[in-house]
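Before any comments, here is the structure.
The values are calculated or read from the model by the stated rules, or taken from the named source; none is laboratory data. What you are looking at is a predicted structure, and each value in this text was computed from that prediction instead of being measured. A quick note on method: Cβ atoms are made from the backbone with ideal geometry, for glycine too, and the neighbour counts reach across all protein chains shown. Quick note on the areas: whole protein, heavy atoms, side chains included, nothing else; ligands and nucleic acids left out. Shrake-Rupley method; radii C 1.70, N 1.55, O 1.52, S 1.80 Å.
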Amino acid sequence: MKPRELAKYLARGRVEVFEPAPLPAATRQAVVIPVLNESSRIGATLASLQAAAPVATAVILVVNHPPDAPESWRRDNAGLLSRLRRGEESGALELRWLDAGELADGVGEARKLGFDSFLAALGAERAAFAVLYSLDADSPVEPAYFRCLEAAFAAHPDWGGVTVGIRHQRGATPELERAIRRYEAYLERYARKLREIGSPYGYQAIGSGFAVRARDYLRCGGMRRRRAGEDFYFLQALAKCAPIGQVEEVLVHPAARLSERVPFGTGPALAGLLAGGELPEFPDARFAQLGELLGQLSELDDPALPERLAPELRAFLKEQNFASVWARIRRQTRPEDYPAAFHRWFDALKTQQFLRQR
């Protein structure tokens, strides 16, 4: 990582200095955890990290609230910051925190502030070899968390990121327990089906369930500043720069809870299920239709290819103006790079849009 590249990236955003002290010189990786009204939950997560964390690992809390946060959320955050400053939460962890105050763009902005501030503290030379772990305040990890992720990165030098197995904590009621297991199965099926047809987007986009090499974090433009879906859009950008691998072993246990903090995601999905709603349908036939196309990407120049595609897929590509888009891509791309260029265009969002269409 070149100093100029890091400086140029950091100049576009915001960085802060960690409390209560600079990072040790030996620090080589960090877990970044946004915290909002979660003082009662963060203790279990920090304890799990203390049992798992190797040396030279920083744990960074980004304590924040939205501009319209109720007073109870603000009091909870202030109480946690007071405890942190009195040294009541750190244990043996290399714990640091940011009093981020109001963040209009929510959890995405909090994650970005934590990651970017860590890179700024490391500097380009150390950041070139650093790993960033994304976690949530209500998500304790297994003792093997770091060991499994470090082994995955070591075995696959080309991977830019890794997602991990997730199993939510038990729901507080039988109804919530059934809902969270339905939601987990839904996410697992979606990712598995995409991997089976050869999509590079066959992973679970969960904010508490991935890690990324700092070099590739920088290459894809860093964390997205969004109130929700920051994990989805960040991992989509990362997958366009480097492969994302999967560790199927369950390593993280988020809370199964409803949430008013984000407009979509796990909390709102659970609320919908409890209210009698259903999850969006992804028919097997749609996966098969997309798989037929992904198996023929080397033939994208064949004028007869559209006729071999399912009518639904032909119609979708037409809606997306694929013919003119592809003509432009062809002028800028070598034939052997056509598959990668197609996947950058037909990304995770387009994949989801096609699979969901009626």
Exercise. For the stretch 282-304, state whether one or more residues are open to solvent by 70 Å² or more (accessible area, probe 1.4 Å), within 29 Å of LEU176 (Cβ to Cβ) and not hydroxyl-bearing (Ser, Thr, Tyr).
Key: yes
Exercise. Please verify whether the stretch 66-75 includes one or more residues that are without any contact (Cβ under 8 Å) to a residue 40 or more places away in the chain and in contact with a His (Cβ under 9 Å, 6 or more places away or on another chain).
Key: yes
Exercise. For the stretch 139-158, name all the residues that are charged (D, E, K, R) and either closer than 12 Å to ALA52 by Cβ or surrounded by 15 or more Cβ atoms within 10 Å (Cβ to Cβ) (or both).
Key: GLU142, ARG147, GLU150
Practice problem: Residue by residue through the stretch 95-116, note down the ones that are surrounded by fewer than 23 Cβ atoms within 10 Å (Cβ to Cβ) and acidic (Asp, Glu). | Solution: ASP99, GLU102, ASP105
Quiz item: Hey, among the residues in the stretch 290-306 that are free of Cβ contacts under 8 Å to residues at least 40 places away in the same chain and over 19 Å from VAL325 (Cβ atoms), which one's farthest from the chain's Cα centre (by Cα)?
Solution: ALA304
Quiz prompt | Options VAL62, VAL15, VAL31, VAL55; residue that is open to solvent by 10 Å² or more (accessible area, probe 1.4 Å) and within 27 Å of GLU230 (Cα to Cα) | solution = VAL15
Exercise. Taking the residues in the stretch 169-186 that are in contact (Cβ under 8 Å) with a residue 12 or more places away in the chain and outside any helix (DSSP H, G or I) as candidates, determine which candidate is farthest from VAL141 (Cα to Cα).
Key: ALA172
Exercise. Could you list all residues from the stretch 173-228 that are more than 26 Å from PRO157 (Cβ to Cβ) and in contact with a Pro (Cβ under 8 Å, 6 or more places away or on another chain)?
Key: ARG227, ALA228
